[in-house]
Amino acid sequence: MDQPIARVLVVDDDADTCLLIKDALAGDGYDVQACSSGEEALSRLKQERFDLLLSDIRMPDVTGLDLLHRLRREGLNVKVILMTAYASLQTAIDALDGNAEGYLIKPFSLSELRQRARLALRTPSPRQPRHGIIHYENLSIDLNARRVWLDESEVTLTPKEFDVLAYLAEQMGCAVSFDTLLQKVWSCITPDGRTRATVRSCVRRLRQQLGDDGHDPHFIFNVWGVGYQFGK
């Protein structure tokens with residue numbers, strides 16, 4: 001039996017944005033509908049089945065976050081991706097607290113939009129709450145959006161630096177060996193001295209970005225003869 005066509009609802013008070021998203025996702029075979037306010041979206045979601053909601057955050061009257069939390073209070077398990085031009089650490093926390101799939105930062109590419117929609121629609125439903133943000137002291141790591149903040153200032157990392165930090169943080173308080181990092185981050189099956197030097201170099205750059213002194217660290221600690229440990 002054929003799978004039912006996924007239904008997507010787009011809500012944004014900018015008509016051009018709605019049309020652009022609608023055309024892009026319709027091209028992937030989804031049934032895409034659009035509306036211009038949070039109130040209208042809530043009304044439609046109560047009356048019709050939708051698999052995914054794409055909502056702008058900054059809208060008059062009912063914001064995207066208001067809409068997200070009202071949906072959850074009323075037990076509507078539609079998957080939600082928020083869209084914003086003003087992303088911050090608090091945006092990420094609010095989105096994940098409301099059990100959203102995540103958020104897109106405007107302007108985003110159509111390929112990113114389509115990929116995020118595709119991934120969201122593959123997630124089993126109903127979703128289990130996920131813990132997408134790791135906090136340690138004044139450092140916050142958004143695993144879903146791949147963003148890092150020190151206090152309220154965002155830290156720019158390379159993809160590999162982020163992968164190393166995320167893996168270490170997920171194993172918080174546990175020693176992680178050089179070989180494990182090489183296998184998990186670099187997919188290296190047969191580590192050697194040269195490849196372990198790659199890990200050291202990456203961690204050194206990561207520490208610089210975080211302002212973390214290797215001799216007196218706050219975040220990434222050396223475990224002599226083994227590798228590294230995030231946190232105590």
request  = Describe numerically, in nm with one decimal, the distance between label points set 7 Å from Cα along Cα→Cβ at residue 49 and at residue 90.
outcome  = 3.9
request  = Using only Cα atoms, tell me the angle between helix 193-210 and the longest principal axis of the chain; keep it within 0 to 90° and round to the nearest 10.
outcome  = 60
note = Total charge of the residues flanking residue 170 in space, meaning their Cβ is under 12 Å from its Cβ, with Lys and Arg +1 and Asp and Glu -1, is 0
note = Taking chymotrypsin sites (Phe, Trp or Tyr not before Pro) as exposed when in a DSSP loop with at most 15 other Cβ atoms inside 10 Å, the chain has its longest clean stretch at 109-223
request  = With only Lys, Arg, Asp and Glu charged, each at its Cβ (+1 for the first two, -1 for the last two), find how big the charge dipole of the stretch 32-88 is about the Cα centre; round to the nearest 20 debye.
outcome  = 200
note = Answer in debye to the nearest 20: the dipole magnitude of the stretch 7-122 about its Cα centre, from +1 Lys/Arg and -1 Asp/Glu charges placed on Cβ, is 460
ask   = Relative to the Cα centre, what is the charge dipole magnitude of the chain, using +1 at the beta carbon of each Lys and Arg, -1 at the beta carbon of each Asp and Glu, and rounding to the nearest 20 debye?
value = 880
inquiry  = With loop defined by DSSP as not H, G, I, E or B, and exposure as at most 11 other Cβ atoms within 10 Å, which is the longest segment of the chain clear of exposed GluC sites (Glu not before Pro)?
reply    = 153-232
query = Which value does Rg/Rh take for the chain over its C-alpha atoms, Rh per Kirkwood?
reply = 1.05
message = To test your reading of the geometry: what angle, between 0 and 90 degrees and rounded to tens, separates the Cα axis of helix 159-170 from the longest principal axis of the chain?
response = 80
ask   = Taking Cα atoms, how many degrees apart are the long axis of helix 64-73 and the longest axis of the chain, rounded to 10 and kept between 0 and 90?
value = 80
inquiry  = I want the local charge near residue 16. Using Cβ-Cβ distances under 14 Å, sum +1 for each Lys or Arg and -1 for each Asp or Glu among the other residues.
reply    = -3
Hull volume in cubic angstrom per residue (convex hull over the Cα atoms of the stretch 160-230) = 78
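Any read-out appearing in this document is the output of simple, stated calculations on the displayed coordinates, not a laboratory observation. Worth saying up front: this structure is predicted, and the values here are computed from it rather than measured. Methodologically, a virtual Cβ is constructed for each residue, glycine included, from the backbone with ideal geometry; neighbour enumeration extends over all protein chains shown.
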